[in-house]
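Colleague: Questions regarding the structure given below will be posed in turn.
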Amino acid sequence: MQNEQLLLDMRNIDMVFPGVHALKEIDFQLKRGEVHALVGENGAGKSTLMKILMGVYTSCDGDIFLEGAKVTINSPEKAHELGIGMIFQELSLVPQLNVAQNIYLGNEVSGKTGILHDRQMYENARNLMKKYNIKEYFSVYDKVGKLSRGYMQIVEVLKALSRDTKILIMDEPTASLTKEEEDTLYQIILGLKKEGVSIIYISHRLEEIFRNCNRVTVFRDGSKVETKNVNDVDMDKLIELMTGRKIEAAVHVSTIEAEDRKEPLLEVRNLVWKQRLCDVSFCLNKGEVLGITGLMGSGKSEIARALFGVEPLDSGEIYIEGEKVEIQHPWQAVEAGMALIPEDRKSQGLVLSHSVEENICLPIVSDYKNKIGLFKDKKAGFKVKEQIARLAIKTPTPKQKVKYLSGGNQQKIVVGKWLNKSPKVLILDEPTVGVDVKTKSELRTIIQGLVKDQDRGVLLFSSELNEILQLSDRVVILYRGSVIKEYTNCTSLKEDALHRAVQGLV
Amino acid sequence: MRKIKNDNTCDDPQDVQDYTLTVRNVWNYLRDNIALLALIIVVLFFTAASGTKFLSFQNMANIGRQSAVIIIMASGMTMVIVSANIDLSIASTLSLAAMLGSLVVTTTGSTLLGVFIGLAVGLIVGLANGLLVTKGKIPSFLATLGMMGVVRGLSMMVTSTKPIVIYEPRFWYTLGDGSVFGFLPISIFWTIIVLIITFILLKYSVLGRHIYATGGNKEAAKFTGVKTDRTIITTFVIMGVLSAFSGLILASRMHAARPGTGEGMEMNVIAAVILGGTSLFGGKGTIIGSLIGALVIAALNNGLIILGYSTHMQMLVRGLVIILAVLFAKDE
C-alpha cells in the first residue's frame, strides 16, 4: 500500500452492559485505503465496537481519533458528518424510488426554495458510479425494488459514498448474495480501495477475508486477540485465534446409544428452492437431535421454512415415519406432527399484545373444544400453568401480556406453546439468539429433555457451533445450499473441525 | 447502559390489578372502557336537558329499536376489525338483501323463502369479500370499498331504483314490527339473540381464539398452524349475513325496501366498534364494548332529536364524540 497513514485510531475502548463486559480495553487502528476485516464468533464484540463508531452506543470509555484529531461521536448523524458510513444487513432503501433518488435520499440536491434539481442529481449519480468504476449493471433511473439483492447492496454503498465517506463499515455484506453478485461487490471494494476509502469488513466467511482484506483483527469474548496482516495467517490459524483454547467447554451430553436410534422419523429428499437450496437430503431418526449448521446464507433458514410449508419448494420430497407428506401450508405441517420455533420470535412466534395464556393455548385450541366448537377454558388453563411451571417462565400471572416479558421468557413461551401439542418433529431455528446466558442453558436442557421420548426428534438449526456440538447426536453441514458433510458421531467431534467445515473445508 | 433493556422486565406492575373500589380505580376503569364513560355522560346530559322525556320507557324502547341494526352489524364488525380487517360494504349488502328478500316475499308470499334469499345474499357478498382479501390479497379497505359500489349498484338495478312495498303481515311481525312477551320489540329480541351468539363465538369458541390471534399477529398465527385465510373469510361471511339480517329487519319495520336504505350506515357501525375499544390494528376488542359503543351513538342521535336539533347537528356531534373518545382513551 502506498499511503500507510493512520486514518482512525480507537484507544482503550471499554464498554459494560448490565451483566456483560462487552468490550475490554480495545485498541483498533485503521489505515487509509485498507480493507480491514473483523472476525470473531457471535457476541465477541465486533458489532458493539462498530456501533460505538457509528454513534449508536455513546457511553463507553476510551478515545477515538480521526485523522489525528480527537472526536466525540454521539449520534449516527455525527458519524455521517465525520465521513463514517455503514452498510447494514437489512438494507435501508426505499424500493419505490429509483437508484438516484435513493442515493440522495435525505441529502437531496436542491435549490434554496426546496425545489429538486433532478437533472443535477442524475448527473451526480452517474458521475459517482463512474468514479468508483461501477459498470452499467443498472441505470440511475431503475426502481430499486426491481433490482436484485446484490445490486441493492451496491446502491447502498453508493449512498454512503455520495456523502464523502472515508470509512465504510460492511456487516456480512455477502450473506444473501449469489456468487455472481458477490464478484461484483468485490470489484467495487477494489475500486474503493484505489480511491483511498477505508473499509471495515465484518464477515464469518473466512475465504472472503483472504480474498479482499489487507489486515484482520480477531475478537474473542470482548477482547481483541490480535491484528495481523492477512498474508501472515492462514485459515487454520484464524480459526485457532477465534476459538482460543475453549474447545473443551462444549461437553457433549448425548446419552443415547447409537444402535437405539436407527428408526427414521423425518426424511427429506432432494429439496430444491430457487438458487438457495440445491438438492438437500437428510434424515432425522427417532429420539435424536440432528444439528444442521452453516454460515449465514448457507440455506439453514430456507430449509426450516420449506419444511414447515412457509415457502413452497421447487421440488423435493418429505417423509414422516415412512409416509410421504405434502406440505404447502404451515397448518399442514402442524397436522403432520411438526412444530417450528422460528428464528424471529417477535414477528413469527408470538402475538405480543396477547397474554402468556393466550399464546400458549393457541396451538391447542382446536384440540380442546366440545361438540359445538366451544373452547374448554379450564382444561387448557391447566395446561398453561403446567408449561409455565415446567419451563420456569417468569411472569406475574398467566394474563400478563408477553410484550412485557424478557427475550428469554418469550422464547420459553414459544417452546411451551408447542410442548402441549407433543409434536413428533420439533424444528428449532436459532433457538437461543438474543437470550441471556442463564435462559440459554435452561433452554438447552429443555431441548435435551425432549428427545428422551423415543418417538420424537429435534431438528436444530443453529449457527452457534458450540450449541450444535453440545446438543446434537449427529451434525449436517450446509455450504452454499448443499449438504457438504455429515458427522455421525459427535462425541469425538471438536469445535475447530466444525469451524473448518462451515467454511467449506472438508 | 440505558440502550440495553434490563432483562427482568417481568416485574413490571402492568396488568396486575387492584380491585378495591377507589375513585382512582373507577377512573382508570372508565378510561379503559371509554364507551361506558361516554354513555354515562350522554345519558346524564340528555336527562338533565330534557327532563324525564329522555329517560321514559317509551323513549328507551325507541333507542333500542333505532340502535338494533347498528348493534347487530357492530357485532359482526367487531370480528372483522379484531381480525385486522374492515368491511365498508355492509350498508350496500344491507340494501341488496332487503331489496331481494322483499321482492321474493312480495312475489311468492313466503316469508321464510324471502328471509332465506336475503341471508343468502349476505353470505355471498361476505364470501366474495373474504376471497378478495385472502386469495386475491387485496387490502380489505379497497376490496370492500369496491364491493360497496358494486353491491349498491346491483341493489339499484333490482327495481330500477323504485322502492318495494311489502303487504305481508307475517313478514312485518316476525322481524321488525312485532313484539315478544307483549312488551319487548321484536327487533330488540333479535338483537339480543345476535349479541349472545356473537359474544360466545368471539369469547369462547375456537374460531374466536383464531380471530384474535390472526388479528394480533397473522404471521405468528400462521406459523402456529392457524388457517388464517379461512378465519378471515369466516369473519366476512358472518359480517355479510348480519348485514343482510339487518336489511331484512329494516324492511320489515318500514313495510318497504328502498335501494338507498342504510346509506352511510357503515360509519355509525365502525364508530360504534372503535368507540367500544376495538383496535383498528386488530387483535383486541369485545362484543360488549361494541354494544355500549352502539348505544352511545344511538342515544346521541335520539337525544339530539328530542332536544330539537337537526340531523346535521347529529353528524357533527357524532364526529366530535368519536374524536374525543379516541383522544381520551388510554393509549398503550
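The values are calculated or read from the model by the stated rules, or taken from the named source; none is laboratory data. Every value quoted in this text rests on a predicted model; they were computed, and no experiment measured them. In this analysis, Cβ positions are derived from the backbone assuming ideal geometry, glycine residues included, and neighbour counts consider all displayed protein chains.
Colleague: With the condition being within 30 Å of B:VAL104 (Cα to Cα) and away from chain A (no Cβ under 14 Å), I'd like the helices (runs of 4 or more DSSP H) fully within region B:193-262 carrying at least 2 qualifying residues.
Modeller: Ranges flagged: B:228-254.
Colleague: Limited to region A:377-402, what total is found for residues that are facing another protein chain (nearest Cβ under 10 Å) and surrounded by fewer than 16 Cβ atoms within 10 Å (Cβ to Cβ)?
Modeller: Summing the residues that are facing another protein chain (nearest Cβ under 10 Å) and surrounded by fewer than 16 Cβ atoms within 10 Å (Cβ to Cβ) in region A:377-402 gives 3.
Colleague: When the residues of region A:320-345 are filtered to those that are within 26 Å of the chain's Cα centre (by Cα) and surrounded by fewer than 17 Cβ atoms within 10 Å (Cβ to Cβ), which remaining residue is nearest to the other protein chains (Cβ to nearest Cβ)?
Modeller: The selected residue is A:ASP344.
Colleague: Check off (1) closer than 26 Å to A:VAL218 by Cβ; (2) surrounded by fewer than 15 Cβ atoms within 10 Å (Cβ to Cβ); (3) more than 14 Å from chain B (Cβ to nearest Cβ) for A:ASP61 and give me the number that stays unchecked.
Modeller: Single failed check for A:ASP61: (3).
Colleague: Also, quick follow-up: Does A:LEU362 count as assigned to a loop (DSSP other than H, G, I, E, B) and either within 20 Å of B:LEU202 (Cβ to Cβ) or within 8 Å of chain B (Cβ to nearest Cβ) (or both)?
Modeller: No; evaluated as a whole, the condition is false for this residue.
Colleague: Name the helices (runs of 4 or more DSSP H) wholly inside region B:1-100 in which the number of residues that are crowded, with 24+ Cβ neighbours inside 10 Å and at pLDDT 85 or above is 3 or more.
Modeller: B:57-82
Colleague: Could I ask something else about it? Which condition number does A:LEU374 fail, the rest of (1) without any contact (Cβ under 8 Å) to a residue 60 or more places away in the chain; (2) more than 11 Å from every other protein chain (Cβ to nearest Cβ) being met?
Modeller: (2)
Colleague: Residues that are at pLDDT 90 or above and hydrophobic (A, V, I, L, M, F, W, C): which strands (runs of 3 or more DSSP E) entirely in region A:404-506 hold 3 or more of them?
Modeller: Where strands (runs of 3 or more DSSP E) fall fully within region A:404-506 and carry at least 3 residues being at pLDDT 90 or above and hydrophobic (A, V, I, L, M, F, W, C), they are A:425-429, A:457-461, A:474-479.
Colleague: Right, here's the next one. In region B:232-254, what count of residues is obtained for those that are buried (at least 24 other Cβ atoms within 10 Å of the Cβ), more than 12 Å from the chain's Cα centre (by Cα) and closer than 22 Å to B:GLY283 by Cβ?
Modeller: Summing the residues that are buried (at least 24 other Cβ atoms within 10 Å of the Cβ), more than 12 Å from the chain's Cα centre (by Cα) and closer than 22 Å to B:GLY283 by Cβ in region B:232-254 gives 3.
Colleague: A further question on this structure: With the condition kept exactly as written, say whether any residue in region A:90-97 is more than 14 Å from A:LYS159 (Cβ to Cβ), among the polar types (S, T, N, Q) and not in a helix (DSSP H, G or I).
Modeller: So far as region A:90-97 goes, yes, one or more of its residues are more than 14 Å from A:LYS159 (Cβ to Cβ), among the polar types (S, T, N, Q) and not in a helix (DSSP H, G or I).
Colleague: Residues that are among the β-branched types (Val, Ile, Thr) and at pLDDT 85 or above, at least 3 per element: which strands (runs of 3 or more DSSP E) completely within region A:206-311 meet that?
Modeller: The qualifying strands (runs of 3 or more DSSP E) are A:215-220, A:289-293.
Colleague: Tally time: how many residues in region A:264-315 are more than 14 Å from chain B (Cβ to nearest Cβ), β-branched (Val, Ile, Thr) and out of contact with any Phe, Trp or Tyr (no Cβ under 6 Å at 6 or more places or on another chain)?
Modeller: Counting residues in region A:264-315 that are more than 14 Å from chain B (Cβ to nearest Cβ), β-branched (Val, Ile, Thr) and out of contact with any Phe, Trp or Tyr (no Cβ under 6 Å at 6 or more places or on another chain) gives 5.
Colleague: Among the residues of region A:421-439, write down those that are in contact with an Asp or Glu (Cβ under 8 Å, 6 or more places away or on another chain) and within 12 Å of chain B (Cβ to nearest Cβ).
Modeller: Result: A:LYS421, A:ASP429, A:ASP436.
Colleague: I'd like to verify a number: residues in region B:277-295 that are more than 14 Å from chain A (Cβ to nearest Cβ) and at pLDDT below 90, how many?
Modeller: Residues meeting the conditions: 0.
Colleague: Restrict the check to region A:336-357 and report whether at least one residue is part of a helix (DSSP H, G or I), more than 20 Å from A:VAL415 (Cβ to Cβ) and touching a residue at least 12 places away in the same chain (Cβ under 8 Å).
Modeller: Within region A:336-357, none of the residues are part of a helix (DSSP H, G or I), more than 20 Å from A:VAL415 (Cβ to Cβ) and touching a residue at least 12 places away in the same chain (Cβ under 8 Å).
Colleague: If we scan region A:143-163, do we find a residue that is part of a loop (DSSP other than H, G, I, E, B), under 30 Å from A:LEU8 (Cα atoms) and in contact (Cβ under 8 Å) with a residue 24 or more places away in the chain?
Modeller: yes
Colleague: Okay, moving on. Residues in region A:38-78 that are among the small types (Gly, Ala, Ser) and in contact with a helix residue (DSSP H, G or I) (Cβ under 7 Å, 6 or more places away or on another chain): how many?
Modeller: Counting residues in region A:38-78 that are among the small types (Gly, Ala, Ser) and in contact with a helix residue (DSSP H, G or I) (Cβ under 7 Å, 6 or more places away or on another chain) gives 2.
Colleague: Quick one: is A:VAL483 within 24 Å of A:ARG305 (Cβ to Cβ) and outside the structural domain of A:GLU288 (by TED's automatic domain parsing)?
Modeller: The answer is no for A:VAL483.
Colleague: Let me ask something else about it. In this structure, is A:LYS369 over 29 Å from the mean Cα position of the chain (by Cα), at the interface with another protein chain (Cβ under 7 Å from one of its Cβ atoms) and of a type outside the set (A, V, I, L, M, F, W, C)?
Modeller: When the stated conditions are applied, A:LYS369 passes them.
Colleague: Residues B:PHE183, B:PHE189: which one is away from chain A (no Cβ under 14 Å) and over 24 Å from the mean Cα position of the chain (by Cα)?
Modeller: Only one candidate qualifies: B:PHE183.
Colleague: Also: Find the residue count for region A:68-110, including only residues that are more than 15 Å from A:MET50 (Cα to Cα), acidic (Asp, Glu) and loosely packed, with under 14 Cβ neighbours inside 10 Å.
Modeller: 2
Colleague: Assuming A:VAL356 fulfils every condition listed in (1) of a type in the set (Val, Ile, Thr); (2) at the interface with chain B (Cβ under 9 Å from one of its Cβ atoms); (3) in contact with a strand residue (DSSP E or B) (Cβ under 9 Å, 6 or more places away or on another chain) apart from one, which condition is it?
Modeller: Unmet condition: (2).
Colleague: Give region B:101-118 a look and list any residue that's touching a residue at least 60 places away in the same chain (Cβ under 8 Å) and either surrounded by 20 or more Cβ atoms within 10 Å (Cβ to Cβ) or not in a helix (DSSP H, G or I) (or both), or say none.
Modeller: Passing the criteria: B:GLY101, B:SER102, B:VAL105, B:THR111, B:GLY114, B:VAL115, B:GLY118.
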